[in-house]
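Report on the following structure.
The values are calculated or read from the model by the stated rules, or taken from the named source; none is laboratory data. Because the structure is predicted, anything quoted here is derived from the model rather than measured. Neighbour counts are summed over all protein chains in view; Cβ atoms, including those assigned to glycine, are modelled from backbone coordinates with ideal geometry. Just the protein is used for accessible areas: all its heavy atoms, side chains included, with ligands, DNA and RNA removed. Shrake-Rupley method; radii C 1.70, N 1.55, O 1.52, S 1.80 Å.
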Amino acid sequence: NRGEYISIVGPSGSGKTTLFNLVGGLDRPTRGKVYIDGVDISQLDAYELAWLRCRKIGYIFQTFNLIPVLTALENVSLPTVFAGVPRDEGLEKAEKLLTSVGLGERVHHRPTELSAGQQQRVAIARAMANDPAIILADEPTGNLDLNTGMEIIDLLHGLNRTRGMTLIAATHDLKMITASDRVVWMRDGAIEKIERG
């Protein structure tokens, strides 16, 4: 549902990544349909899917996927370039986003000059650059220590509540599950059960 925080949980190979790729329009379903805002995205052509991914969906990866030669500011502003936002406007927005995730003093640092937790905050800010309706977070605390992981969970939960974006997180982290509105348990490519968080 719009504005919901969902955790998808299951062992390796259970289908979490495939489900993510279907929701994100990276893969097409062999059967069934995926609707985002009432549109069956499996019927969209490559251009329409690219538009959808650019403007409706933000991705947060376990391995951050930041571009090493770019600063935090440049990494976060990159999606705005693809969306056709004027450069100055994109950089201004990126700076505000980095400040909102606690990195206002680190905007000109490259990924190698940032801790893992700071890199994940840059990745979160980048995911929000085009004001997506949906954020897909793949194991967002998987490469972080306990305390940093808790900070990221609190940050994501706060963004979900204050900005009203839908957050779908694939996770093994029990702390993320307790912050969720619903938990979807997967096994062998199917949904096993759905519980309230």
### Query
Could you give every pair whose Cβ atoms fall below 9 Å, whose first residue belongs to segment 62-90 and is β-branched (Val, Ile, Thr), and whose second residue is surrounded by fewer than 15 Cβ atoms within 10 Å (Cβ to Cβ) and not in a helix (DSSP H, G or I), counting only separations of at least 6 or pairs across chains?
71/108; 80/86
### Summary
The residue from 32, 13, 25 that alone is buried (at least 18 other Cβ atoms within 10 Å of the Cβ) and farther than 26 Å from residue 111 by Cα is 25
### Summary
Considering segment 167-179, residues that are part of a loop (DSSP other than H, G, I, E, B) and open to solvent by 10 Å² or more (accessible area, probe 1.4 Å), and then whichever is farthest from residue 24 (Cα to Cα), we arrive at 173
### Message
Suppose the filter is modelled with pLDDT of 90 or more and either touching a strand residue (DSSP E or B) at 6+ places or on another chain (Cβ under 8 Å) or buried (at least 20 other Cβ atoms within 10 Å of the Cβ) (or both); does residue 135 pass it?
### Response
yes
### Query
Under the condition of being touching a strand residue (DSSP E or B) at 6+ places or on another chain (Cβ under 8 Å) and in a loop (DSSP other than H, G, I, E, B), which residue from segment 138-152 is farthest from residue 93 (Cα to Cα)?
139
### Task
Evaluate segment 101-113: report whether one residue or more is under 30 Å from residue 175 (Cβ atoms), under 15 Å from the mean Cα position of the chain (by Cα) and surrounded by 16 or more Cβ atoms within 10 Å (Cβ to Cβ).
yes
### Query
Which of (1) open to solvent by 70 Å² or more (accessible area, probe 1.4 Å); (2) assigned to a loop (DSSP other than H, G, I, E, B); (3) aromatic (Phe, Trp, Tyr) is the odd one out, the single condition residue 47 does not satisfy?
(2)
### Task
List the number of the failed condition for residue 148; all other conditions in (1) more than 26 Å from residue 69 (Cβ to Cβ); (2) of a type in the set (S, T, N, Q); (3) free of Cβ contacts under 8 Å to residues at least 40 places away in the same chain hold.
(1)
### Message
What's the number of the only condition in (1) open to solvent by less than 10 Å² (accessible area, probe 1.4 Å); (2) closer than 26 Å to residue 16 by Cβ; (3) in contact with a Gly (Cβ under 9 Å, 6 or more places away or on another chain); (4) not in a loop (DSSP other than H, G, I, E, B) that residue 98 fails to meet?
### Response
(2)
### Query
Here are some conditions: (1) in a helix (DSSP H, G or I); (2) within 19 Å of residue 159 (Cβ to Cβ); (3) charged (D, E, K, R); (4) modelled with pLDDT of 95 or more. Residue 106 meets all but one. Which one does it not meet?
(1)
### Summary
The correct count of residues that are touching a residue at least 60 places away in the same chain (Cβ under 8 Å) and surrounded by 14 or more Cβ atoms within 10 Å (Cβ to Cβ) in segment 180-197 is 9
### Long-range neighbours under 6 Å by Cβ, at least six apart or interchain, first residue at pLDDT below 90 within segment 154-178, second of a type in the set (A, V, I, L, M) and part of a helix (DSSP H, G or I)
157/179; 175/153; 176/153
### Message
Just to be sure before I move on: is residue 90 open to solvent by less than 80 Å² (accessible area, probe 1.4 Å) and either of a type in the set (Phe, Trp, Tyr) or assigned to a helix (DSSP H, G or I) (or both) in the structure I sent?
### Response
yes
### Qualifying position, being open to solvent by less than 70 Å² (accessible area, probe 1.4 Å), polar (S, T, N, Q), over 27 Å from residue 13 (Cβ atoms) and not in a helix (DSSP H, G or I), among 130, 160
130
